[in-house]
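Peer 1: Please see the structure below; I have some questions.
Throughout, read-outs are computed from the coordinates displayed, never taken from laboratory work. The structure presented is a predicted model; accordingly, all values stated were derived computationally and were not measured. Note that we place each Cβ from the backbone using ideal geometry, even for glycine, and neighbour counts take in every protein chain shown.
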Amino acid sequence: MKLWAKALIAALGLLASPAYSGCKAVTHLNIPFTICEVGVDDDLRLWHSDSEGTLYGSFGAIDSALGEDETLSFAMNAGMYHQDRSPVGLFIENYAERSEIASGGGYGNFGLTPNGVFCFGDGTMQVIETGAYRNADLNCRYATQSGPMLVIDGNLHPRLLPDSDSRYIRNGVGTSADGKRAIFAISDRPVNFHNFATLFRDALGLSNALYFDGSVSRLLAADLDRWDIGLPLGVIVGVVVSANR
């Protein structure tokens with residue numbers, strides 16, 4: 001179904017409930033967040049550009065490019081990008097490495113090392129620190145690198161300050177210890193790094209979490225009737241639902 005048709009149906013209130021319904025509002029430290037939980041059985045993917053190299057850049061472009069019976073039900077930006085929207089660091093799509101891993105020097109928050117990689121596919125989901133990723137034998141169907149790490153093996157990143165006045169709308173992802181769940185989160189009002197990290201560790205009980213970005217952070221959550229818009233993005237992560245599934 002074309003994007004304009006989907007939008008028209010939604011506007012008329014006729015859009016059926018999505019098969020994926022993992023998003024909800026939570027409050028942590030009196031700060032509102034939206035979290036979306038994804039399991040290994042959900043059709044989670046990463047996108048950046050099409051087969052001709054044209055940047056998707058938006059949730060709508062990805063939704064429009066999906067199959068006739070497929071819909072983008074959840075999505076958010078998933079990593080930092082250069083001025084031309086190319087990924088800063090590792091990007092793997094369908095086992096093919098589109099952008100190589102980077103140390104992180106000179107890339108703002110990405111350079112607040114240690115940074116990390118979100119790797120998933122074939123029954124597992126992992127957030128892993130970049131150095132550990134280099135030494136691991138992981139076969140990622142999809143992977144995106146970003147930074148800084150927020151939580152590393154149950155510990156907060158050592159450079160995140162509780163009293164920092166650097167506050168932005170921020171988003172990121174954490175994974176469960178058994179590798180079966182990923183929880184994506186976006187703050188619904190500006191938050192500092194430290195408080196954002198404690199959401200994953202203390203409120204969600206996740207021992208590894210990775211920061212995606214801030215100020216440009218956006219979310220599509222069909223089950224909450226939310227579709228954020230803005231300037232073109234780089235790498236995007238999302239869940240596809242199919243009428244035939």
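Peer 1: Classify the chain as rounded, prolate or oblate from the Cα gyration tensor: take a ≥ b ≥ c as the square roots of its eigenvalues, call it rounded if a/c is under 1.5, otherwise prolate when a/b beats b/c and oblate if not.
Peer 2: Because a/c hits 1.5 or more and a/b exceeds b/c, the chain counts as prolate.
Peer 1: On to the next question. For the range 111-245, just say rounded, prolate or oblate: build the C-alpha gyration tensor, square-root its eigenvalues into a ≥ b ≥ c, call rounded for a/c under 1.5, and beyond that prolate if a/b exceeds b/c, oblate if not.
Peer 2: oblate
Peer 1: Mean separation of Cα pairs under 8 Å and 6+ residues apart, divided by the residue count of the chain: what relative contact order is that in percent?
Peer 2: 29 percent
Peer 1: Starting from the Cα gyration tensor of the range 40-162, take the square roots of the eigenvalues, sort them a ≥ b ≥ c, and report rounded, prolate or oblate (rounded when a/c is under 1.5, otherwise prolate if a/b is larger than b/c, else oblate).
Peer 2: Because a/c hits 1.5 or more and a/b exceeds b/c, the range 40-162 counts as prolate.
Peer 1: For the range 236-243, what does the Karplus curve 6.51 cos²θ - 1.76 cosθ + 1.60, with θ = phi - 60°, yield as ³J(HN,Hα) per residue in whole Hz, taken in order and with x for Gly and Pro?
Peer 2: Residue by residue, the range 236-243 yields 10, 10, x, 9, 9, 10, 10, 5 Hz.
Peer 1: Loop-only trypsin sites (Lys or Arg not before Pro) in the range 129-224, please: DSSP not H, G, I, E or B, and at most 14 other Cβ atoms within 10 Å.
Peer 2: 159, 180
Peer 1: In whole Å, how far is the Cα centre of the range 197-223 from that of the range 102-168?
Peer 2: 12 Å
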